[in-house]
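Each remark here refers to the structure printed beneath this line.
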Amino acid sequence: MMVGAAAVGQSYLSTITATVKARAQEQQRGLIGSSGPILSIPAKDAAAALRHEGGGEYQLLDVRPAWEREKAWLQNSLHVPLYVEDTQMDPLTLLKKWVHFGYIGLWTGQRFTTLNPSFVSEVQSLVPMKDERVLVACGEGLRSMVAVKKLDEVGYENLAWLAGGFNSAGEEDFNKVEGSTKLQYATVGGVSYFFLQLLLILKVIGP
């Protein structure tokens, strides 16, 4: 039984590692949509491009899960999570949750998730016009890449993605931020959150 659990755990971790590496490689290469390269906008330039921040033409679509967004978010941004918490309770999923918690969840606070099956339809209800300019953002820039590809596949024509995600944002990059923490720290949870707070108290990193 323990050997089987270990094998499942190793397989699960290998899948996560491979997925992260593949997305990182895609991020380095850039995104190619159905009509050509998709615009990559760094955090330092994003505010000027946003309609409600700097008078630009883009509407921000935040695809982070709810537990990240509730910590810090941009005013007037749209929110449709690409991933939602997996609530399945079958034995295999429970085992994966256990492995996830031990290796990832305990340290980062990230929950075991699954793709949001209604992601595209939810976006379509909020952004019905396919020629609308939409800047897609997440914490690290990886999930937004997946979201952009899904939206490109259903015909959205003017997509851009926030390169590096909110984690790469500086103190002055966005003006209209709400929540209990800073955008660049919203993905931090679990044990890592307490280390972050300690570092902030000791002023090892900037507040």
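Observations
- The figure for SER144 is an accessible area of roughly 0 square angstrom, using a 1.4 Å probe on the protein chains alone.
- Between the beta carbons of THR113 and GLU157, assuming R0 = 25 Å, the FRET efficiency works out to 0.30 to the nearest 0.05.
- Under a 5 Å amide H cut-off, with hydrogens placed 1.01 Å from N, THR113 pairs with ASP86 among residues at least 5 apart or on other chains.
- In order along the stretch 127-132, the phi-based Karplus estimate (6.51 cos²θ - 1.76 cosθ + 1.60, θ = phi - 60°) of 3J(HN,Hα) comes to 10, x, 8, 6, 9, 5 Hz; Gly and Pro are listed as x.
- Solvent-accessible surface ranking, highest first, for ASP62, ASP173 at 1.4 angstrom: ASP173, ASP62
- Where TRP67, TRP161, TRP73 fall by accessible area, highest first, once all protein chains stay in place (1.4 Å): TRP73, TRP67, TRP161
- Computed from backbone phi, the HN-Hα couplings of the stretch 59-66 come to 9, 7, 10, 8, 9, 5, x, 4 Hz, rounded to whole numbers (Karplus: 6.51 cos²θ - 1.76 cosθ + 1.60, θ = phi - 60°; Gly and Pro given as x).
- Computed with a 1.4 Å probe over protein heavy atoms only, the accessible area of GLU178 comes to about 70 Å².
The values are calculated or read from the model by the stated rules, or taken from the named source; none is laboratory data. All of these numbers come straight from a predicted model, not from anything done at the bench. Neighbour counts are summed over all protein chains in view; Cβ atoms, including those assigned to glycine, are modelled from backbone coordinates with ideal geometry. Just the protein is used for accessible areas: all its heavy atoms, side chains included, with ligands, DNA and RNA removed. Shrake-Rupley method; radii C 1.70, N 1.55, O 1.52, S 1.80 Å.
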